[in-house]
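For reference, the structure is listed below as structure tokens.
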Amino acid sequence: FKKRGNLMKKRTVIITGPNFQDEEFTYPYYRLLEEGYSVDVATPDKVIVYGKYGVPAKPTIDTKDLKAINYDLVVLPGGFEAQDRLRLRKEVLSFVKEMNESSDKLSTWQSIAMLDPGERGFTLGKLFEKELSALADADFT
């Protein structure tokens with residue numbers, strides 16, 4: 001958490017790629033901001049990517065620079081092409097695995113099919129699929 005005055009500000013990152021499902025990016029992004037989260041957007045090579053219907057995702061960080069110690073929550077929006085491209089990136093897999101293995105971190109997947117859990121060594125029991133409104137109330141301490 002980052003300190004914000006006397007409050008601890010929760011940090012989250014949304015990792016996405018080209019042709020993400022627009023509403024699966026925009027809804028979590030704005031809901032998390034409304035709830036006071038610090039929200040980073042990570043894309044490969046820190047390039048602007050566009051959703052299926054043209055919504056831009058403007059990155060604040062390159063996927064190569066992600067470190068689990070800096071985040072409390074990771075969101076991976078669904079979509080047609082975005083997931084296929086992200087699951088080929090070793091840095092994304094490593095980051096998500098590290099977030100997934102930490103007991104005080106929370107991972108949410110809009111479309112659980114992004115990664116084959118058995119293939120990558122993840123366990124479905126550690127992956128959480130929740131409504132974003134409930135995530136805003138989650139206690140990470």
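The values are calculated or read from the model by the stated rules, or taken from the named source; none is laboratory data. From a predicted model like this one, the values you see are computed outputs, not experimental measurements. Don't worry about glycine lacking a Cβ; one is built from the backbone with ideal geometry, like all the others, and counts go over all protein chains shown. When the accessible area is computed, the model is the full protein with side chains, heavy atoms only, and any ligands, DNA or RNA have been set aside. Shrake-Rupley method; radii C 1.70, N 1.55, O 1.52, S 1.80 Å.
For residue 43, indicate whether it is open to solvent by less than 10 Å² (accessible area, probe 1.4 Å), of a type outside the set (Gly, Ala, Ser) and closer than 21 Å to residue 26 by Cβ.
Numbers: open to solvent by less than 10 Å² (accessible area, probe 1.4 Å): yes; of a type outside the set (Gly, Ala, Ser): yes; closer than 21 Å to residue 26 by Cβ: yes.
Taking the combined requirement at face value, the residue satisfies it.
Can you pull out the residues in the stretch 61-85 that are free of Cβ contacts under 8 Å to residues at least 24 places away in the same chain and of a type in the set (Phe, Trp, Tyr)?
none
Kindly check whether there is at least one residue in the stretch 121-140 that is at pLDDT 50 or above and either open to solvent by 40 Å² or more (accessible area, probe 1.4 Å) or in a strand (DSSP E or B) (or both).
The first filter runs over the stretch 121-140 and keeps only residues at pLDDT 50 or above, leaving none.
So far as the stretch 121-140 goes, no, none of its residues is at pLDDT 50 or above and either open to solvent by 40 Å² or more (accessible area, probe 1.4 Å) or in a strand (DSSP E or B) (or both).
Kindly indicate the residue of the stretch 1-23 that is modelled with pLDDT of 90 or more and over 14 Å from residue 72 (Cα atoms) and also surrounded by the most Cβ atoms within 10 Å (Cβ to Cβ) among those meeting that condition.
The selected residue is 20.
Take the conditions surrounded by 15 or more Cβ atoms within 10 Å (Cβ to Cβ), without any contact (Cβ under 8 Å) to a residue 60 or more places away in the chain, basic (Lys, Arg) and over 18 Å from residue 99 (Cβ atoms) and apply them to residue 58. Does it pass? Reasoning before the result, please.
Working: surrounded by 15 or more Cβ atoms within 10 Å (Cβ to Cβ): no; without any contact (Cβ under 8 Å) to a residue 60 or more places away in the chain: yes; basic (Lys, Arg): yes; over 18 Å from residue 99 (Cβ atoms): yes.
No, not satisfied.
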